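K.L.:
Structure provided below as structure tokens; questions to follow.
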Amino acid sequence: MVQTARHYIAGAWRDDGGALADSTNPADGSVVGQYVPGSVALADEAAAAARKAFDTGLWAASPRLRAQVMFDIADRLEAAKDEIAALVVAENGKLRAEAMGETMAGVSEMRYYAGLARSVRGTMQEIGPGAMSLFAREAAGVAGIIVPWNAPVTLLVRSLAPALAAGCTCVIKPAAQTPLVHARIMRCIAECEALPEGVVNSVNENGTEVGQAMVASPLIDVISFTGSSATGKKIMEGASKTLKRVGLELGGKAPAVIFADADLDKAVTELTHGSLNMAGQICVAAARFLVHESVAQDFEDRMIAAYRAVRVGPGADPASQMGSLIDTANQARLMGLIEQAGDEGQIVLKGGPLESGAFLTPTLFRIDNLQSRLVQEELFGPIVSIETFADEAEAVAKANATVFGLAASVFTGDVSRAMRVSRAIRAGTVWINSHLRLFAEAETGGFGQSGMGRLHGVEGLADFLETKHVYFEPGTVG
């Protein structure tokens, strides 16, 4: 396993920077390894290397090379899947099964976009006799990718893969909480002999200065960021100074709407997983249960039983059903929110910490105040509210009552209702009688303050491509 995470710039590993910093396991506080912090100077150097590779190299004009490199990366990621998943468990605290699922999703994503790399096409339009317009789809330039800690494999690859497929060169900033995971992925990338020098560069974080330098850099054309809405707004503000394109997948507050005719056994099974996956630290997690008043008590009783049965423990323990939070600071933050839920609503199942580690058992609470920050803000943990509704119109109104619109789910046996409600909910993804289904082929993204742009799918290329109009007058046959 990687013990020290270094930078990777212009095809070379770098260990210059500040004093080594520890990466710790949130489940027990042990030191997993160390990483070399980054700096503004290193971020600028990486941006210059990516710029040079884009401006003077043939990467953007070589779709077959791009596909070859990406298939090679995918093969190397798959070969290293056990090491990568083990590092995800150690640094992130999630379950081994979740870590392996995330790793293999990254492999799938890389292969999906490797296939698309050879399918980027433009169009032609005849304007008039002897005149035509050619519309080329060209790489946007240098892409800056800022990766969060909650899914450090998938959320890197789902930006990196379309950027590479489009012909962009890249500068990556991994999360400070998961540098060793990222370094192992970068090793897979660096080992690809056909990858031109400077196409992929990576600089570790040091506070926020590396990310800020990337956003400010005049050498970077696109920023792809996954994280909180608050940080996304700061990135937009910073990027405005150079008029960068920004792709943002931000916070969520996913409602799960349960109608009276829903299969409650199915709903409980789906929503236990959908709300507690990654300990609820995922932007599309089910965060609000909106339940028809006629089945609210029955549903609540079933969810309490399901939550109580969840075994919380270390991700490496096969018996664990939910892992740890990312750190004890977030554990303390969430404990404060649980107390607030008791003041503003009614707690029906109160979670709490384990004897050691950054663990927190699930909490379920009732609330009827739509203006409460517990309803309006992303809590990012295993804390879920229960709200009731009387009819379809009220269900939709409550589902749309926050500033977020990333994901939602609808549980009903009525197909027509499922379609009506899914169309009426303002969210980028709506699952019917399921929750938390994500695929490389299916676009995801947000409405409202959940972001802009799309990741996954063919549309995931759009953030990394420009359209160029070339006008030509070949004349007519005389």
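The values are calculated or read from the model by the stated rules, or taken from the named source; none is laboratory data. Because the structure is a prediction, the values reported are computed rather than measured. For neighbour counting, all protein chains shown are included, and Cβ atoms are generated from backbone atoms with ideal geometry for every residue, glycine included.
K.L.:
Going by the conditions given, is Q68 at pLDDT 95 or above, over 30 Å from L116 (Cβ atoms), under 26 Å from the mean Cα position of the chain (by Cα) and surrounded by fewer than 19 Cβ atoms within 10 Å (Cβ to Cβ)?
P.N.:
Values: at pLDDT 95 or above: yes; over 30 Å from L116 (Cβ atoms): no; under 26 Å from the mean Cα position of the chain (by Cα): yes; surrounded by fewer than 19 Cβ atoms within 10 Å (Cβ to Cβ): yes.
The answer is no for Q68.
K.L.:
Could I ask something else about it? Here is a check on your reading of the model: is D343 touching an Asp or Glu at 6+ places or on another chain (Cβ under 7 Å) and either surrounded by fewer than 20 Cβ atoms within 10 Å (Cβ to Cβ) or in contact (Cβ under 8 Å) with a residue 60 or more places away in the chain (or both)?
P.N.:
Values: touching an Asp or Glu at 6+ places or on another chain (Cβ under 7 Å): no; either surrounded by fewer than 20 Cβ atoms within 10 Å (Cβ to Cβ) or in contact (Cβ under 8 Å) with a residue 60 or more places away in the chain (or both): yes.
Criteria not met by D343.
K.L.:
Since P353 meets every condition but one in (1) touching a Leu at 6+ places or on another chain (Cβ under 9 Å); (2) free of Cβ contacts under 8 Å to residues at least 12 places away in the same chain; (3) of a type outside the set (S, T, Y), which condition does it not meet?
P.N.:
(2)
Per-residue answers, yes or no, for (1) in contact with a strand residue (DSSP E or B) (Cβ under 7 Å, 6 or more places away or on another chain); (2) farther than 24 Å from A79 by Cβ; (3) at pLDDT 95 or above:
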residue: C168; (1), (2), (3): yes, yes, yes
residue: V171; (1), (2), (3): yes, yes, yes
residue: I189; (1), (2), (3): yes, no, yes
residue: A194; (1), (2), (3): no, no, yes
residue: G198; (1), (2), (3): yes, yes, yes
residue: G207; (1), (2), (3): no, yes, no
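K.L.:
Tell me, which residue of the stretch 206-265 that is assigned to a helix (DSSP H, G or I) and not assigned by TED's automatic domain parsing to the domain that holds E138 is nearest to V410 (Cα to Cα)? Break it down stepwise before answering.
P.N.:
Residues of the stretch 206-265 assigned to a helix (DSSP H, G or I): 209-216, 229-239, 264-265.
Of the ones still in play, those that are also not assigned by TED's automatic domain parsing to the domain that holds E138 are 264-265.
Values: L264: 12, D265: 14 Å.
Of everything passing the filter in the stretch 206-265, L264 is nearest to V410 (Cα to Cα).
K.L.:
In the stretch 25-57, which residues are among the β-branched types (V, I, T) and either crowded, with 16+ Cβ neighbours inside 10 Å or part of a helix (DSSP H, G or I) (or both)? Spell out the reasoning first.
P.N.:
Taking the stretch 25-57 as the starting set, the residues that turn out to be among the β-branched types (V, I, T) are 31-32, 36, 40, 56.
Scanning the stretch 25-57 gives V32, V36, V40, T56.
K.L.:
So, in the stretch 379-413, how many residues would count as being within 16 Å of S275 (Cβ to Cβ) and of a type in the set (D, E, K, R)?
P.N.:
1
K.L.:
Yes or no: the stretch 206-220 includes at least one residue that is of a type in the set (D, E), more than 18 Å from the chain's Cα centre (by Cα) and within 28 Å of G11 (Cβ to Cβ).
P.N.:
Yes, there is a match, as at least one residue in the stretch 206-220 is of a type in the set (D, E), more than 18 Å from the chain's Cα centre (by Cα) and within 28 Å of G11 (Cβ to Cβ).
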